[in-house]
Each structure stands twice: as structure tokens, then as C-alpha cells.
Amino acid sequence: MILESISTILLILGAFFSLTGAIGLFRFPDFFTRVHAASVTDSIATILIIFGLILRTDFDLVTVKLLLILVFLLFTSPTASHALAKSARHGGLLTLPEIRATKKEDCSS
Amino acid sequence: MTELIDLVLLGMLAITALRIIFLKDLFAVVMLFGIYSFLSALIFVNLDAVDVAFTEASVGAGISTVLMLGTLALTGRKEKTNNHTTFLPLLVVVITGAALIYGTLDMPPFGDPDNPAQQHVAPRYIQDSPQEIGLPNMVTSVLASYRGFDTLGETAVVFAAAIGVLSLLGLPKHEKAAIESGLKSHLVLRVVAKLIVPLTLLFALYVQFHGDYGPGGGFQAGVIAAAAIILYALVFGLPMATHVIQPTLLKALAAIGVLIYAGTGFASFFLGGNFLDYNVLASDPVAGQHIGIILIELGVGVTVFAAMLSIFYAFAGQAERANIQ
Amino acid sequence: MSFIVDYYNYWIVVFLMMAGFYIVISANNLVKKIVGLNIFQTSVFMLYISIGNVSGGSAPIVADGITRYSNPLPHVLILTAIVVGVATTSVGLALIVRIKRAYGTVEENEFEDKDDLI
Amino acid sequence: MLILTATGIAILAVMALALARALKADTVYDRILGVNMFGTKTSLFIAVIGFLGGRPDFLDIAIVYALINFIGMIAVLRFFEYTATDDALKINSTKQEQL
């Protein structure tokens, strides 16, 4: 019973964090803020939801598989975000303040 | 609940398909096609077809996307302006679609247990296969035993497709890496890839030998193992990957897999049964079935692994050559 | 209302099939045609799986306490069809690479003109 | 049971938003970001519906999703290394000026 209520809290928190991340992904103004919103909440939501599910298992093979999913997601998702942000930066994508700064220079000159 | 999820996912699929029609950037088209595959795999999970979902997620979404990106690297990513009139194709499509929808009205309702499709051979598979074959996964029983001859044909098709691609494109020559290619500047990626590749190979082995009890089997395991090597090749460069698993070895492996499959058939043939009748492989029929299924799943796995990886080598070799020139 | 519930799955699958078909016959670019062909193919897979689905059923892997299973036969057919589908797709893509090398283009309307030159 | 349903619906909504981002993207990188988030959330969704349907032993599919999603991302990045033309960058910068 205690386990189930803890699991409920974890699942609600996980759902909340992933929703905030998705809203950030959709509404934020430029690419780098969106990466930030998506990747940070992705990690915490994954941890919370997977642990919420683990508390509902009988601690057998299913638990091991859930832990394996957690390990895979925790390794791959931030790595992918990092690599993406890095190649966006190398590809010449500018942040919003930088774009504003260049625009101001254009106006003054 | 199942119906609701189904409806939402089908809606997402429809929107994705519509967007693909109007996009001119082929790179975006391929990415959305990856989403399309993932979504359809999700629908398969929702409709209880877990083995199919496994295959679609690994083959449809993984290998297809990688191969299409390889082709785009060689042919360019922009679709030029279209001089077709849109009217005629639209007319053809609308008429065909209307005819098909008219046809669906005669079909039995979706999900009804009394449908004709559920009455014919399925009850026999569902009731008898756990005793006859001795495996919990009915899909594996049907795939490897009842319809084993069919699956031999499919394996031969995969083998033939690999030969076709190799004769069109040719394998990259096995040479020592003169210049290091791959994602050099991504240090984090290289470290993580080193961790992920062995885990993936281990997981492929699990899928191969756990396929009798859960979703999985030779087809999926072969593709997942190939995907691990593809990941290695993408991060560390093709020369490193061909150094680990040489193209000539792959050619031999593809043939060996088909031979293992056919050889199991001939073994049962010479032991007094029919072709691919595993009952005679051991004194106990159920034990014989188990041995036979493990052997042919191994053959399928080896062939699919070798075929998929050599197809990838062929495309990557072309892309690498084009990049150097 | 029950009419829609009974058939919506088939209708959306037909719509997806036609979307793929439209791409195949209207696109100029060969790679896009292959994508359309794959969309069409995936929709056919979905139609098969929908036919095999039993509402209230479970995945066809024996477990305790479950009496109603979905039909395993469409799953077997589609499982092998997916693998064969990707094998044929790869042959198609290889042909496109060779066409690009021979004609210098993968746009349908452009290499018609080159045939006229020969 | 109710909470699992609610979590499933929330993840479905997140997937829809990520899909919307992938469909309507300002730059190529936004599209890749949307696809990546879609993939990770899908593998969580499979885990949740496994528990909803009462058969959580099919989690292997979620593992495959996570793996294949990662490999797809790497393939995309590698594709950029090959074809990072000035053309693509020009499109990015014009899109940004519109911001």
C-alpha cells in the first residue's frame, strides 16, 4: 500500500515534468532553449516514471528490464541532445541574444 | 482504452503522412518516415502484435532510415520542382480510395471475436501449439514449425536481396584506415557508443535465444546485432568496422545461415520424417521440435545479420568514396 | 455510432494507403517514391494486424489466467513481410544510386530527356 | 489503474507536442530534436501500456525503441558531416532573421 502511494506520487511527478518539457519544446523561442527544456526534463521524467513503474512490479525479471530501459535512456538521450547541440553550434546556429546583438550592430552601422 | 489509443495514434499517422506529401526537403521526409515507422510499431503493440512491433521498430525504423540517409548522401537532399499535374494523380487516388472504403463496408466489424478470420486455422494454433510444439510463443511456433517452409523462402529472399545489392554497388575494399573518419569531434558520443555497442550485442543474443518464450527470434536478433555494428561504423568510421568484421566473412556467413536452415530440413528428411519435420530430430517429438526451432532460428539470425550488415557496408562504402573524391 | 466504431480503423488505414499511393504516382524524385512505397506497405501491414485483432484478447504468448488470444497467423505473415520489405527497399535504393551515377539525376522528368539525347 | 491511465494520456500528449515540433520546424535541428524526444517518450509509453494491459513482460520492445532511436540520431548526425553544405546554412540564417 505504501509502495503504491509512493509509486503514484512518482508517476504524477514524472507526467508533470514531461508535460512541462514538452510545452517548453513547443513554445520556447530558439533552438538552444528548446534543447535545454527537452533534455533536462527528459532525464528527470524518465527516472521518475521508471521508478514509479518499478514499485508496481513483483521485483522479478520485469524489474531488471525496466532498469535496463532506464540505463539505456539515461545514456542515449542526453548524449544525443549534447551531440545535436554541439553540431548545431558548429553548423553556425546562433542563440537568440546573439541574433539580437548582430541586428543592433546592423542598425547602428 | 485500446480503441482510444488506437484512434489517437492513427490520427498522428495520418497527419505525418499528409506532411510527408507536401515536404520538398527529402532529409525531412526521411526523418518523418522514421516517425511513421515508430508510430506504426506502437500501433502493433497496442493491437497485441508484439513480435511484429519488435520487427517493425528494429527493421522498419532503424535499418530503412539508415539506408535512406545513405542514399540521400549520394543523391542530394532537395526535391526539384514538380512538373506533374496534381489533378490526375489525385483523381486516381480518390477513386481507388473510394472503392476500397466501399469494400471495407462488407468487412466484419473491427475486433469482433466471431470474425471469419478468427475461425479457420487460428483456433488450432492457439489450442494445440503449446502442447504440440511446447513453446509459449505461438508466433514462433507457427513461424518456425507449422510454416517453416515459408520462412525458408523468406530467408532465401533476404539472402538474394543482399546478393542483388552487392552486385549493384559492390563491397568496400578491406584496407587499413589511412585517414580516420567517423564522428571525430564528438568525444562524449564516442565514449557512450563504446558502452552501448557491447550491451546491444548482448541484448541481440538474449532476443535470439529468448524468442521462444517472449517476443523476438532470429529476424529481430539478426537486425539488432547488425544495428550494433552499424552504430560502431557510424561513430568510428567504416574502415574500423570492416577491420572488425570483414566483408568477405559476411558473404560466407549469409550463405552459412541459409545452409543451416536447409540442412536442418535435410537432417529431418534423412532421419525418416518430412522436410523440416522436427519431430524426428530427437526421441521425444516435443524435444525434437525444440532442437529444430533453435537451429533454424540460428540460421535465420545469421543470414539476416550478414545480409543487413553487408547491405549497409555497400551503401556506406559508396558514400565514403563519394566523400573522398 | 457503432458503425463508425466498427470501421474507423479500416478507413484510416485506407487513407494512409492512398497517401502512400499518391506519393508514388505524383513524386518526381525516386527516393521520395520509395518512401511512398514504404508508407503504402506499412499501411497494408496495419490492415492485416487489424484483421487479426480480437478485442479483449491478449498477445499470442501463453500466460497464466489468459483465455482469449489474438490471431497469431497474420503476425507471422507480416513479421516476415517486414524483413522482406526492407530487403527489397534496399535493392531499390541501390538501383537509385546506380541511376544517379549513370544519368547524374534521380528526378524522373530529367532523365527522360537524357534518353532522348541518346 | 487510474493513475497509470493518466500517466499514459500525459505521455501521449507529450508525444503529440513533440510530433508537432517535428512537423513544423524552423530549422533542421529543431526537427531532429522533436524526433529524438518523440522516440524517448514512445519507449516510456510502451512501458506504461505494458502495465495498463496487465502484461508487463513485453518491455523488450521499449529497449529496442531506445536503441534504434539512438542509432537513428547518430546516422542523422553523420549525414550532416557529409552534406553540411553552405546551402543548408544559408537556409538556417534566413530563417533566424525572421525571428
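Here are the numbers for the structure shown:
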read-out	value
Under 13 Å, Cβ to Cβ, from B:F44 - net charge with Lys/Arg +1 and Asp/Glu -1	-4
Cα convex hull volume per residue for the protein assembly as shown (Å³)	177 Å³
Accessible-area ranking of B:Y125, B:Y213, B:Y232, largest first, probe 1.4 Å	B:Y213, B:Y232, B:Y125
For segment A:2-108, accessible area per residue (1.4 Å probe, heavy atoms of protein chains only), Å²	48 Å²
Trypsin sites (Lys or Arg not before Pro) lying in DSSP loop within segment A:25-80, provided at most 11 other Cβ fall within 10 Å	none
Theoretical ellipticity at 222 nm over the protein assembly as shown - DSSP helices of four or more residues, -39500 (n - 2.57) apiece, nearest 500	-26000 deg cm²/dmol
Karplus-derived 3J(HN,Hα), 6.51/-1.76/1.60, for each residue of segment D:24-29, Hz, glycine and proline x	10, 10, 6, 10, 4, 5
Accessible-area value, D:D30, 1.4 Å probe, nucleic acids and ligands omitted, Å²	0 Å²
Computed accessible area, A:I6, all protein chains, 1.4 angstrom probe, square angstrom	80 Å²
Net charge dipole size for segment B:1-106 [Lys, Arg +1 and Asp, Glu -1 on Cβ; Debye, nearest 20]	700 debye
Relative contact order (percent, whole number), chain C, Cα cutoff 8 Å, 6+ residue spacing	23 percent
5 angstrom amide H check on C:N29, placed H, neighbours 5+ away	C:E108
Sequence-distant residues sharing a close amide H with B:N137 (under 5 Å, placed H)	C:V62
For B:8-16, mean number of other protein chain Cβ atoms within 10 Å	6
Cβ-placed point charges (K, R +1; D, E -1), dipole of the protein assembly as shown about Cα centre in debye, nearest 20	1940 debye
Alpha carbon convex hull of segment C:7-50, projected area averaged over orientations, nm²	2.6 nm²
Average projected area [Cα convex hull, segment A:2-108], square nanometres	7.9 nm²
Per-residue mean of C-beta atoms belonging to partner chains within 10 Å, peptide A:46-55	3
Contact order normalised by residue count of segment A:2-108, Cα under 8 Å, 6+ apart, percent	30 percent
Within 10 Å of each Cβ in B:99-112, the average number of Cβ atoms from other chains	5
Amide proton proximity set for C:Y69, modelled H, under 5 Å, gap of 5+	C:S58
Accessible area of chain B divided out per residue, in Å², using a probe of 1.4 angstrom	39 Å²
Within segment A:2-109, chymotrypsin sites (Phe, Trp or Tyr not before Pro) in DSSP loop having at most 15 other beta-carbon neighbours inside 10 Å	A:F59
D:V64 - accessible surface, heavy atoms, 1.4 Å probe, Å² rounded to 10	0 Å²
List A:T102, A:T46, ordered by accessible area with a 1.4 Å probe, largest first	A:T102, A:T46
Hz values of 3J(HN,Hα) by residue in segment A:33-48 - Karplus curve (6.51, -1.76, 1.60), Gly and Pro given as x	5, 5, 4, 4, 4, 5, 6, 5, 5, 4, 5, 5, 5, 4, 4, 5
Table column - 3J(HN,Hα) (Hz), segment D:4-15, Karplus curve with 6.51, -1.76, 1.60, x for Gly and Pro	5, 4, 4, 4, x, 5, 4, 5, 4, 5, 4, 4
For the pair A and D, total buried accessible area rounded to nearest 100 Å², probe 1.4 Å	4000 Å²
Packing-based order for B:150-157, B:296-303, using average beta carbon neighbours within 10 Å, highest first	B:296-303, B:150-157
Among B:L91, B:L168, B:L18: highest mean-square fluctuation, GNM of chain B, C-alpha pairs under 10 Å	B:L91
Tail beyond 37 Å, pair distance distribution of chain B (Cα, percent)	29 percent
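The values are calculated or read from the model by the stated rules, or taken from the named source; none is laboratory data. Just so we're clear, the structure is a prediction, and the values are computed from it rather than from any experiment. Because the Cβ atoms are built from the backbone with ideal geometry, glycine has one as well, and the counts that use them run over all protein chains shown. Areas reflect the complete protein model, heavy atoms only, side chains present, ligands, DNA and RNA absent. Shrake-Rupley method; radii C 1.70, N 1.55, O 1.52, S 1.80 Å.
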